[in-house]
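Undergrad: Structure provided below as structure tokens; questions to follow.
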Amino acid sequence: MELSERQVQITELLRKSEYLAVEVLAEKYRVTTQTIRRDLATLCDHGLARRRHGGIERPLKSGNLSYDSRQVLARREKLAIAREVARHIPDGASVAFSIGTTPELVASALLRHQRLRIFTNNLQIAMLACANPTFEVNIAGGRIRNSETDVLGTGTEEFLSSYRFDFGVYGVAGVAEDGTLLDFHEDEVRARRAIHDNSLATFLVLDHSKFGRAAHVVGGRIEEAGTIFCDARPPGPIMEMVVDSGSKFVLCEPGEEA
């Protein structure tokens, strides 16, 4: 299911506020309270919010949203990013994928390619890639995080550091105002860094909601990516950093799905 633009905006508002009232949201969006209640019910059903008298509150006190919840956020934008990235990867290439819902959609967009060699610590991507019989799928071993269905730890870092990939595709939890990349776990950062450092071409994939989004683990900078794929231009200062660094920015405007 894809959330409406208003529902996505309400989710982003909730990240910055502990509580949102039905009446306030109805006034803000100039719709009826019944319409807003339906929006909030959808968010609660997806684990993006928790019901509270007269409105909603955050579902989690700290950390990231669940993988299933993130899959419905900004899906239209992520699909546009995925389709554009797929155009930049040729048949027969080796591709490393990080965890995350946007890299997963990139992997899905590549399923019509031929003879790709896939390397990842994301079980969702590994199982998805197996649908193409011409793909060679390689996955890191170790302990699985149940909530994310991924593998992290020293074994993952060693695995990702044992190859030289043609392309490294990775996402991020947030981007600070100074261009610092942020995540929620140290092991996520180390795995992402291993993909970046061992790829000939590096693709950072992120939707516009990641700019200014808070997370507490620092892990590199946005301008270190060779190419940045996003559905909207970054805030001015960040865009200047990207241009000055020589990194390439690709605008992926959402349109009709193919």
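The values are calculated or read from the model by the stated rules, or taken from the named source; none is laboratory data. Only a predicted model underlies this, so the values are computations on that prediction, with no experimental measurement involved. Methodologically, a virtual Cβ is constructed for each residue, glycine included, from the backbone with ideal geometry; neighbour enumeration extends over all protein chains shown.
Undergrad: Within 15 Å of the chain's Cα centre (by Cα) and surrounded by fewer than 21 Cβ atoms within 10 Å (Cβ to Cβ): is that true of L182 in this structure? Quick ask: steps written out before the conclusion?
TA: Working: within 15 Å of the chain's Cα centre (by Cα): yes; surrounded by fewer than 21 Cβ atoms within 10 Å (Cβ to Cβ): yes.
Yes; evaluated as a whole, the condition is true for this residue.
Undergrad: Right, next: Which of the residues that make up the range 116-150 are assigned to a loop (DSSP other than H, G, I, E, B) and surrounded by 13 or more Cβ atoms within 10 Å (Cβ to Cβ)?
TA: Residues of the range 116-150 that are assigned to a loop (DSSP other than H, G, I, E, B), as a first pass: 116, 121, 130-135, 140-143, 146-149.
Listed by number, the residues that qualify are L116, N121, N132, F135, A140, G142, E148, T149.
Undergrad: Considering only the range 136-150, state which residues are of a type outside the set (A, V, I, L, M), free of Cβ contacts under 8 Å to residues at least 40 places away in the same chain and in contact with a strand residue (DSSP E or B) (Cβ under 6 Å, 6 or more places away or on another chain). Even if it seems obvious, please write down each step before you answer.
TA: At the first step, the residues of the range 136-150 found to be of a type outside the set (A, V, I, L, M) are 136, 138, 141-143, 145-150.
Applying the additional criterion that residues be free of Cβ contacts under 8 Å to residues at least 40 places away in the same chain yields 136, 138, 141-143, 145-146.
Answer for the range 136-150, where residues must be of a type outside the set (A, V, I, L, M), free of Cβ contacts under 8 Å to residues at least 40 places away in the same chain and in contact with a strand residue (DSSP E or B) (Cβ under 6 Å, 6 or more places away or on another chain): E136, N138, G142.
Yes or no, residue by residue, for (1) under 18 Å from G100 (Cα atoms); (2) at pLDDT below 95:
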| position | (1), (2) |
| --- | --- |
| T202 | yes, no |
| D207 | yes, yes |
| K210 | yes, yes |
| G220 | yes, yes |
| T227 | yes, no |
| P237 | no, yes |
| G255 | no, yes |
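Undergrad: Could you identify the single residue in A74, A82 that is assigned by TED's automatic domain parsing to the domain that holds F203, modelled with pLDDT under 95 and under 24 Å from A215 (Cβ atoms)?
TA: Numbers: A82 fails: modelled with pLDDT under 95.
Result of the check over A74, A82: A74.
Undergrad: Are there any pairs with C-beta distances below 8 angstrom linking a residue in the range 92-108 that is at positive phi and outside any strand (DSSP E or B) to a residue that is among the polar types (S, T, N, Q) and surrounded by fewer than 23 Cβ atoms within 10 Å (Cβ to Cβ), with the two at least 6 apart or on different chains, and if so which?
TA: Within 8 Å, the pairs are G92/Q114.
Undergrad: Give E188, E177 a once-over and let me know the one that is in contact with a strand residue (DSSP E or B) (Cβ under 9 Å, 6 or more places away or on another chain), more than 21 Å from L110 (Cβ to Cβ) and outside any loop (DSSP other than H, G, I, E, B).
TA: Matching residue, one of E188, E177: E188.
Undergrad: For the range 207-238, which residues satisfy the criterion of being β-branched (V, I, T) and under 15 Å from the mean Cα position of the chain (by Cα)? Don't jump to the end; show me each part of the working.
TA: Step one: list which residues in the range 207-238 are β-branched (V, I, T), which gives 217-218, 222, 227-228, 238.
Selection gives I222, I228.
Undergrad: Return yes or no: is L204 of a type outside the set (V, I, T), part of a strand (DSSP E or B) and under 14 Å from the mean Cα position of the chain (by Cα)?
TA: Details: of a type outside the set (V, I, T): yes; part of a strand (DSSP E or B): yes; under 14 Å from the mean Cα position of the chain (by Cα): yes.
Yes.
Undergrad: Do you know which residues across the range 159-189 are at pLDDT 95 or above and either of a type in the set (D, E, K, R) or not assigned by TED's automatic domain parsing to the domain that holds I228 (or both)?
TA: Listed by number, the residues that qualify are R164, D166.
Undergrad: Follow-up. Considering the range 217-258 alone, what residues qualify as being more than 14 Å from L79 (Cα to Cα), exposed (fewer than 13 other Cβ atoms within 10 Å of the Cβ) and either touching a residue at least 24 places away in the same chain (Cβ under 8 Å) or of a type in the set (F, W, Y) (or both)?
TA: P237
Undergrad: In the range 151-166, what residues are touching a strand residue (DSSP E or B) at 6+ places or on another chain (Cβ under 8 Å) and outside any helix (DSSP H, G or I)?
TA: Result: V151, L152, Y163, R164, F165, D166.
Undergrad: If you go through the range 10-18 one residue at a time, do you hit one that is within 27 Å of the chain's Cα centre (by Cα) and either among the basic types (K, R) or at positive phi (or both)? Spell out the reasoning first.
TA: Kept after step one, since they are within 27 Å of the chain's Cα centre (by Cα), are these residues of the range 10-18: 10-18.
Checking which are either among the basic types (K, R) or at positive phi (or both) leaves us with 15-16.
Yes, because at least one residue in the range 10-18 is within 27 Å of the chain's Cα centre (by Cα) and either among the basic types (K, R) or at positive phi (or both).
Undergrad: Could you give every pair whose Cβ atoms fall below 8 Å, whose first residue belongs to the range 174-200 and is in contact (Cβ under 8 Å) with a residue 60 or more places away in the chain, and whose second residue is outside any strand (DSSP E or B) and among the basic types (K, R), counting only separations of at least 6 or pairs across chains?
TA: V175/K210; V175/R213; N198/R164; S199/R164
Undergrad: If you go through the range 191-201, how many residues are surrounded by 18 or more Cβ atoms within 10 Å (Cβ to Cβ) and not in a strand (DSSP E or B)? If you could, list the steps in order and put the result at the bottom.
TA: Within the range 191-201, the subset surrounded by 18 or more Cβ atoms within 10 Å (Cβ to Cβ) is 191-196, 199.
With the extra rule that they be not in a strand (DSSP E or B), the set shrinks to 191-196.
Counting residues in the range 191-201 that are surrounded by 18 or more Cβ atoms within 10 Å (Cβ to Cβ) and not in a strand (DSSP E or B) gives 6.
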